[in-house]
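Undergrad: My structure is below; once you've seen it, I'll send some questions.
The values are calculated or read from the model by the stated rules, or taken from the named source; none is laboratory data. The structure presented is a predicted model; accordingly, all values stated were derived computationally and were not measured. All Cβ positions, even for glycine, are placed from backbone atoms using ideal geometry, and neighbour counts span all protein chains on display. Just so you know, the surface numbers come from the protein's heavy atoms only, side chains and all, with ligands and any DNA or RNA stripped out. Shrake-Rupley method; radii C 1.70, N 1.55, O 1.52, S 1.80 Å.
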Amino acid sequence: MPALLTPEREEQWHSDGWCVVPGVIPPDQLAAAQDAAHRYFPTPAEVVADGGAEAGQWHTWDAPWPEFPFHSSRLNALVLHDHVVDLAERLLGTNELALYMGIVTAKYAQQASGYNKLLHADYPNHMLVVPRHEAGFQQVEFFVYLTDVTTEDGATRFVSWQKTKDIPVEQHTLNYVDYAELYDDPSDAAAPAGSVVAYRPDVYHRSVDFSDPSRYRVMLHVSFRHRDAGWGGYQAWPFRGFSVELSKFVQRATPRQLALMGVPEPGHPYWNEATLAGVQARYPGLDMAPWRDALR
């Protein structure tokens with residue numbers, strides 16, 4: 001995977017605040033996730049047969065999208081896939097990360113984007129403060145494409161941070177009149193399925209609607225922050241503690257994946273014989289050997 005993040009793409013991340021990295025998800029796991037996604041979302045033909053996107057469950061940008069951990073293990077496998085985590089560590093310059101968002105969405109013809117059609121930055125609902133770019137303070141948002149995304153599929157338009165860095169940070173949404181030249185910027189995040197679009201929460205971008213009923217796009221939204229940067233967040237994994245989906249995921253996860261969700265790593269002072277026994281009882285299928293070995 002590291003070879004996919006070429007020096008040019010990494011430089012674009014640092015300079016423009018966003019980049020596209022193709023081929024992150026291996027083809028076999030991508031195909032499995034695509035099949036799983038169809039169990040959540042209809043095909044374009046099925047949407048047309050049901051009366052169009054306006055009549056369906058997924059007709060607005062703020063629909064109640066399925067959240068990680070999903071019922072599908074095949075979708076879960078991509079959220080904390082080693083390649084995805086490796087990419088986040090490389091871009092953020094640290095391996096001390098926390099996952100704070102995992103959602104799957106779909107976009108269809110005639111599905112209105114709402115205010116997202118305006119150029120905007122995501123940080124107001126991804127952190128309590130304002131962005132800072134140094135390692136240890138940054139956050140990264142990923143689009144993990146489960147379908148090919150072209151300009152005709154409404155690929156998200158991004159504007160280089162170099163063109164917007166002098167805009168006051170509190171001005172998180174830009175209007176058409178004062179920033180017309182930015183709306184004309186041709187840069188979009190078109191890429192084939194299996195690609196990852198990486199961007200910072202202070203990078204301006206906008207959604208684009210499309211009308212061709214034969215097209216749609218499906219993607220995972222996966223975001224990371226430094227584990228100590230508690231001012232950033234979106235979802236809370238402990239809140240899902242009673243869900244079958246979370247219990248199922250934990251019992252199949254690796255120590256690396258669980259650490260990204262906030263579970264103490266092997267060797268952490270939290271672990272003693274009592275906590276080892278309690279966690280084992282809560283998640284009977286979890287292989288506790290790494291934690292037990294570290295305690296010994």
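Undergrad: For the chain, modelled as a Gaussian network with Cα springs under 10 Å, which listed residue fluctuates most, Leu128, Leu78, Leu260?
TA: Leu128
Undergrad: What list of ³J(HN,Hα) couplings, whole Hz, do you get for segment 87-99 from phi and the Karplus terms 6.51, -1.76, 1.60, once you set θ to phi - 60° and write x for glycine and proline?
TA: Calculated HN-Hα couplings, in order: 5, 4, 4, 5, 5, 8, x, 7, 9, 9, 10, 9, 7 Hz.
Undergrad: Right, here's the next one. Can you figure out the FRET efficiency of Lys165 with Ala289, using R₀ = 51 Å and their beta-carbon distance, to the nearest 0.05?
TA: 0.60
Undergrad: For a quick check of understanding: with a 1.4 angstrom probe and all protein chains in place, what accessible area in square angstrom does Lys165 have, to the nearest ten?
TA: Counting only protein heavy atoms, Lys165 exposes about 100 Å² to solvent.
Undergrad: Solvent-accessible area per residue for segment 85-192 at a 1.4 Å probe radius, Å²? Before the final figure, lay out each step's value.
TA: Working: 4600 Å² over 108 residues.
Heavy-atom SASA per residue in segment 85-192 reads 43 Å².
Undergrad: If you don't mind, there's one more thing I want to ask. Quick one: Cα convex hull volume of segment 80-157, Å³ per residue?
TA: Values: hull volume 10.2 nm³, N = 78.
Value for segment 80-157: 130 Å³ per residue.
Undergrad: Who wins for biggest fluctuation among Ala77, Ala281, Ala112 in a Gaussian network model of the chain, springs between alpha carbons below 10 Å?
TA: Fluctuation is largest for Ala281.
Undergrad: Report in % the part of the accessible area of segment 189-268 that belongs to carbon and sulfur, leaving out ligands and nucleic acids; probe 1.4 Å.
TA: Values: 1890 of 3370 Å².
Accessible surface attributable to carbon and sulfur in segment 189-268 totals 56 percent.
Undergrad: Right, next: Under the rule of at least 5 residues apart or a separate chain, name every residue whose amide H is placed under 5 Å from the amide H of Gln111.
TA: Under 5 Å from the amide H of Gln111: Phe210.
Undergrad: Here is a follow-up. Using 0.36 nm per residue, how much length does the chain from Trp65 to Ala31 gain when fully extended, once their Cα-Cα distance is taken away? Walk me through the intermediate numbers first.
TA: On the way: separation 34, 0.36 × 34 = 12.24 nm, distance 2.09 nm.
Gain on extension, Trp65 to Ala31, equals 10.2 nm.
Undergrad: Kirkwood hydrodynamic radius for segment 149-268: how many Å is it when counted over pairs of different Cα atoms?
TA: Working: mean 1/r = 0.0557 Å⁻¹.
Here the Kirkwood hydrodynamic radius works out to 18.0 Å.
Undergrad: On to the next question. What range in the chain is the longest one free of chymotrypsin sites (Phe, Trp or Tyr not before Pro) that are in a loop by DSSP and have at most 12 other Cβ atoms within 10 angstrom? Let's see the in-between values first.
TA: Working: sites that count: Tyr176, Phe242, Tyr270.
That gives 1-175 as the longest site-free run.
Undergrad: A follow-up question, please. Using a 1.4 Å probe on the protein chains only, how many percent of the accessible area of segment 74-129 belongs to carbon and sulfur? Kindly include the intermediate steps, with their values, before the conclusion.
TA: Values: 910 of 1800 Å².
Roughly 51 percent of what the probe reaches on segment 74-129 is carbon or sulfur.
Undergrad: While we're looking at this one, here's another question. Could you tell me the calculated FRET efficiency between Val208 and Glu265, based on Cβ-Cβ distance and R0 = 41 angstrom, to the nearest 0.05?
TA: Values: r = 42 Å, r/R0 = 1.01.
Approximately 0.50, to the nearest 0.05.
Undergrad: Could you give the Stokes-Einstein D for the chain in µm² per second, using the C-alpha Kirkwood radius, 25 °C, 0.890 mPa s? Working shown, then result.
TA: Details: Rh = 20.2 Å.
This corresponds to a translational diffusion coefficient of 121 µm²/s.
Undergrad: Provide the solvent-accessible area of Met101, counting protein heavy atoms only and rolling a 1.4 Å probe, rounded to the nearest 10 Å².
TA: Counting only protein heavy atoms, Met101 exposes about 20 Å² to solvent.
Undergrad: Segment 190-266 to segment 165-187: how many Å between their Cα centroids?
TA: 27
Undergrad: A further question follows. I'd like the orientation of helix 27-38 relative to the chain: the angle between its Cα long axis and the longest Cα principal axis, in ° from 0 to 90, rounded to 10.
TA: With both axes taken from Cα atoms, the answer is about 70 degrees.
Undergrad: Please enumerate, by chain and number, the aspartates and glutamates with C-alpha under 13 Å from the C-alpha of Lys165, excluding those fewer than 8 residues away in the same chain.
TA: Asp16, Asp202
Undergrad: Hey, another quick one. In nanometres, what is the gap between the two model label sites at Trp231 and Lys117, each 7 Å from Cα along Cα-to-Cβ?
TA: Placing both labels 7 Å beyond Cα along the Cβ direction yields 3.4 nm.
Undergrad: Can you work out the accessible area per residue across segment 242-292, with the rest of the protein chains kept in place, probe 1.4 Å, in square angstrom? Each step should come with its number before you reach the end.
TA: Details: 2820 Å² over 51 residues.
Averaged over the residues of segment 242-292, the accessible area is 55 Å².
Undergrad: Something else now. At 7 Å along the Cα-to-beta-carbon direction for both Asp82 and Phe242, put a label point, then send me their distance in nm to one decimal.
TA: Modelled inter-label distance: 3.7 nm.
Undergrad: Amide H of Leu97: which non-local residues (sequence gap of 5 or more, or other chain) have their own amide H closer than 5 Å, using H built in the peptide plane?
TA: Those lying under 5 Å, H to H, from Leu97 are Arg227.
Undergrad: To continue, here is another question. If you stretched the chain out fully between Glu89 and Val48, how much longer would it get, using 0.36 nm times the residue separation minus the C-alpha to C-alpha distance?
TA: Values: separation 41, 0.36 × 41 = 14.76 nm, distance 4.11 nm.
Net length gain for the segment: 10.6 nm.
Undergrad: Hey, which lysines would be in cross-link range of Lys107, C-alpha to C-alpha under 23 Å, not counting anything within fewer than 8 residues on its own chain?
TA: Result set, ordered by chain and number: Lys117.
Undergrad: Fully extended, how many nm does the chain gain between Arg256 and Asn125 (0.36 nm per residue separation, minus their Cα-Cα distance)? Before the final figure, lay out the partial values.
TA: Values: separation 131, 0.36 × 131 = 47.16 nm, distance 2.65 nm.
Length gained between Arg256 and Asn125: 44.5 nm.
Undergrad: On to the next question. In sequence order, what are the phi-derived ³J(HN,Hα) couplings for segment 41-50 according to the Karplus relation 6.51 cos²θ - 1.76 cosθ + 1.60 with θ = phi - 60°, rounded to whole Hz, with x for glycine and proline?
TA: For segment 41-50, the Karplus-derived couplings read 10, x, 6, x, 5, 5, 5, 4, 5, 8 Hz, x marking Gly and Pro.
Undergrad: List, in order, the whole-Hz ³J(HN,Hα) value for each residue of segment 227-235 obtained from phi through the Karplus relation with A = 6.51, B = -1.76, C = 1.60 and θ = phi - 60°; use x for Gly and Pro.
TA: 4, 8, 8, x, 6, x, x, 7, 10
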